[in-house]
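Novice: Take this structure, written in structure tokens, and hold onto it; I'll ask about it next.
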Amino acid sequence: MPKIWVYAELNQGRLTTTSLELFTRARELGNVDAVALGPGAVNAAEALGRHGARRVLVNEDAAFAEYVAEPATDCLAALVAQERPDLIMFGFSPDSREVAGRLAARLGTGLISNAMDVEAVNGGFVAKVPYFGGAKVASYRANASPAIVLIRPKSFEISDSGDQAEVIAVSASIGEGSRRARIVDRLEEAADKVKLEDARIVVSGGRGLGGPENFHFVHELADALGGAAGASRAVVDAGWVPYAMQVGQTGKTVRPGVYIAAGISGAMQHTVGMKGSKVIVAINKDRDAPILKMADLGVVGDALKILPKLTEAVKARKGQ
Amino acid sequence: MKIVVTVKQVPDPNSSQGLDPDNTVARDREVVLDPGDECGIEMGLQLKEAHGGEVVLVSMGPERARDAIRKGLSMGADRGILITDDHLAGADALLTARVLAAAIEPESPELVICATESYDGSTGMVPPMLAELLGLPQLTFAKHVEIADGRVTVHRQTEEGYQVVEAATPSLVTVTAGIAEPRYASLKGIMAARSKEVKLFTFTDLGIEQGEPSETVESIIDAEARKSGEVVEDDGAIGVAKIMAVLQAAKVV
Ligand SMILES: Cc1cc2nc3c(=O)[nH]c(=O)nc-3n(C[C@H](O)[C@H](O)[C@H](O)COP(=O)(O)OP(=O)(O)OC[C@H]3O[C@@H](n4cnc5c(N)ncnc54)[C@H](O)[C@@H]3O)c2cc1C
Ligand SMILES: Nc1ncnc2c1ncn2[C@@H]1O[C@H](COP(=O)(O)O)[C@@H](O)[C@H]1O
């Protein structure tokens, strides 16, 4: 049986959802170990076991949470040398990808990033990656061992296997000079009441809204529907809304029951983050906008006129 | 202070996209300096203006990537290094990072600036690999960068907000697209760029052995596309009515 590792990312002591998703596939590929580093690791072991880790390798050194990437790379590199896993799966998240990148360079193995799936084929591993902005899917075979694959959030459904893991304390192996890029402060920007990636309804706005002063139309509809507000990168880069709201390749991946895109053209880098939604509604002034070709319902019209009326209609109906 | 900015030439994000029949990116596509790297250059120039020193652009790419470097030089960077080689087609992230590291190492910069990710579908793996190979700490996703007393401080964009991350120089920083509005090259800048040095290296010059690629493409197929649904022209009422019907069918209102 191949030896599969999952890097269990901890964010301020809490296991990330994306890490748990990886186990659904990992379990089908071989014997699964999880590696959890930093404060909270021991606590996380229970959940990791329940999702299919047979062993959880843990170390609670605070340096893993305090310093960017290097301590975790040191520890993983030492563990890889001892244990020789065949495949290491990481979530494609900002923190994990930095660790994975350093590790792949140190081991000289390279990696496959931004994958949506990984399979065992002829004794090796093949990962599926969106290509050419998502219009195509490329299959890449990893040539080195361990194979390192980074997988997009929401690629697999979390599923409980009801198992229990053996918890194994490992040495931190942090090098002398690896406590360098230090996180000295963490600041939270006003977050929505409903978490974007968990919301059942997402209303997103794009450049078509004309300016930041009109974005309240998006928030008002999201609030009326009990959902979360999202955005395209164009308006995040322009500073209208915080990055936390960005949906797409470089933002969040969402799969709500209903996704409403207002004033968003539907560039591949946006749609890769929302095309798994059950129902897609698009409001766009331009009949030829690509988003209208993938929406279940496309309305050709002015979002600035439609959004407020829609919010009224939703409120009226809910008020009944 | 010596600052190296890595720059990549990419297919123009604004030109119509095309793939050759063999699924490689059409060669005759317009190419431009990566817009993310333009922000990196701008950041480098602002730091140079505040602290003095030199901004060196380093790129790996075909001969014509010289145009990308030239553009950065006309914005105000001081000189460029282009690594070009017959073997660079299909270079993966690790080989790219090894090549860039070999070219940057002798420069001993205090700061290396990269974009968080490139515009042509790559996923930001080169910078952490480069940091590892150069033995530098990495301060990533920066939406704000400051240098004082041999320390670099960045605001690192996160899903919740941002972190303040600090390290001593030398360090590698990756910048987000929102960090700084790239300046336009002035006519004077464009003229001056013509006489600025762009050094050319091959893999052999840098002692790089290509080795086996870390991954092999097995197949490329069309992605499953969503079926297009109904499209209606709003007349002031039908848009809202249709959307309400969808929301009701989905049982969310
Ligand atoms: C490497 C890379 C990563 C990227 N990552 C992401 C990502 O994570 N997320 C993302 O979203 N993008 C991402 N992008 C950017 C993406 O390519 C697009 O540029 C972006 O999604 C466009 O945003 P937009 O649709 O809001 O703006 P535009 O493309 O400018 O579209 C605006 C739309 O609004 C319509 N419109 C105008 N006025 C109105 C009106 N009054 N009512 C209704 N409609 C109107 C227009 O017809 C148009 O279709 C990425 C790009 C690259 C290269
Ligand atoms: N061939 C290259 N030449 C110079 N810099 C590069 C090259 N490839 C990647 N980079 C740098 O790394 C950043 C992220 O690229 P990537 O890892 O390809 O997404 C780019 O924006 C550049 O700053």
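Values quoted throughout were computed directly from the atomic coordinates according to the rules given, and no laboratory measurement underlies them. Since we're looking at a predicted model, the values are computed, not measured. Using ideal geometry, Cβ is built from the backbone for each residue, glycine included, and neighbour counts are taken over all protein chains shown.
Novice: Select from the stretch B:177-223 those chymotrypsin sites (Phe, Trp or Tyr not before Pro) which occupy a DSSP coil region and have at most 15 other Cβ atoms within 10 Å, ordered by residue number. Working shown, then result.
Specialist: Details: sites: B:TYR184, B:PHE201, B:PHE203; in loops: B:TYR184, B:PHE203.
For chymotrypsin sites (Phe, Trp or Tyr not before Pro) across the stretch B:177-223 that sit outside H, G, I, E and B with at most 15 neighbouring Cβ atoms in 10 Å, the list reads B:TYR184.
Novice: Please compute the average number of Cβ atoms from other chains found within 10 Å of each residue's Cβ in peptide A:98-108.
Specialist: So the per-residue partner count for this stretch is 6.
Novice: How far is the Cα center of the stretch A:87-111 from the Cα center of the stretch A:118-170, in Å?
Specialist: 12
Novice: Where the centre of each part is set by its Cα atoms, how far does the stretch B:34-106 sit from the stretch B:149-187, in angstrom?
Specialist: Their Cα centres are 17 Å away from one another.
Novice: Hey, another quick one. Which angle from 0 to 90°, rounded to the nearest 10, does the C-alpha axis of helix A:303-319 make with the longest principal axis of chain A?
Specialist: Tilt relative to chain A: about 90 degrees.
Novice: Next question, about the same structure. Between B:VAL58, B:VAL165, B:VAL112, find the one with the highest GNM mean-square fluctuation for chain B; connect C-alpha pairs within less than 10 Å.
Specialist: Top of the fluctuation ranking is B:VAL165.
Novice: Tell me which aspartates and glutamates have Cα within less than 19 Å of A:LYS318's Cα, excluding those fewer than 8 residues away on the same chain?
Specialist: Filter leaves A:GLU220, A:ASP223.
Novice: What shape does the stretch A:1-157 take by its C-alpha gyration tensor, where a ≥ b ≥ c are the square roots of the eigenvalues and a/c under 1.5 counts as rounded, a/b above b/c as prolate, and the rest as oblate?
Specialist: rounded
Novice: Let me ask something else. Where a ≥ b ≥ c are the square roots of the eigenvalues of the C-alpha gyration tensor, would you call the stretch A:59-138 rounded, which needs a/c under 1.5, or, failing that, prolate if a/b is larger than b/c, or oblate?
Specialist: Because a/c hits 1.5 or more and a/b fails to exceed b/c, the stretch A:59-138 counts as oblate.
Novice: Name the residue, out of B:ILE208, B:ILE179, B:ILE221, whose mean-square fluctuation peaks in a Gaussian network model built on chain B with Cα pairs under 10 Å.
Specialist: Most flexible of the set in this elastic network: B:ILE221.
Novice: Next question. For the protein assembly as shown, rounded, prolate or oblate, judged on the Cα gyration tensor with a ≥ b ≥ c (square roots of eigenvalues), a/c < 1.5 rounded, else prolate if a/b > b/c?
Specialist: On the way: a/c = 1.60, a/b = 1.18, b/c = 1.35.
Taking the square roots of the gyration eigenvalues as a ≥ b ≥ c, the protein assembly as shown is oblate.
Novice: Rounded to the nearest 5, what % of the DSSP beta bridges within chain B are antiparallel ones?
Specialist: Beta bridges within chain B, antiparallel portion: roughly 40 percent.
Novice: Here's something else I'd like to know. Which value at 222 nm does chain B reach when only helices count, each DSSP H run of 4 or more adding -39,500 (n - 2.57), with the total divided by all residues and rounded to the nearest 500 deg cm²/dmol?
Specialist: After summing the helix terms and dividing by residue count, I get -8000 deg cm²/dmol.
Novice: Another question about this same structure. Which aspartates and glutamates have a Cα less than 13 Å from the Cα of B:LYS242, not counting those fewer than 8 places away in the same chain?
Specialist: Leaving aside aspartates and glutamates fewer than 8 places away in the same chain, those within reach of B:LYS242 are A:ASP296, B:GLU230, B:GLU233, B:ASP234.
Novice: Mind listing the phi-derived Karplus ³J(HN,Hα) values for the stretch A:179-184, rounded to whole Hz, using 6.51, -1.76 and 1.60 with θ = phi - 60°, and x for any glycine or proline?
Specialist: 8, 10, 6, 9, 7, 8
Novice: Still on this structure, I have one more. Which aspartates and glutamates have a Cα less than 14 Å from the Cα of B:LYS199, not counting those fewer than 8 places away in the same chain?
Specialist: Those aspartates and glutamates meeting the cut-off are B:GLU63, B:ASP67, B:ASP78, B:ASP85, B:GLU107.
Novice: For the stretch B:97-105, just list the computed ³J(HN,Hα) in residue order, Karplus coefficients 6.51, -1.76 and 1.60, θ = phi - 60°, integers in Hz, with x standing in for Gly and Pro.
Specialist: Values per residue, Gly and Pro as x: 5, 5, 5, 4, 4, 5, 7, 7, 3 Hz.
Novice: Further, regarding this structure: Between B:GLY236, B:GLY76, B:GLY40, which gets the highest mean-square fluctuation from a Gaussian network model of chain B, Cα cutoff 10 Å?
Specialist: Result: B:GLY236 has the largest fluctuation of those listed.
Novice: How much mean residue ellipticity at 222 nm does chain A get from its helices, if each DSSP H run of length 4 or more adds -39500 (n - 2.57) and you divide by all residues, to the nearest 500 deg cm²/dmol?
Specialist: Values: 9 runs with 91 residues, N = 320.
-8500 deg cm²/dmol, from helical runs alone.
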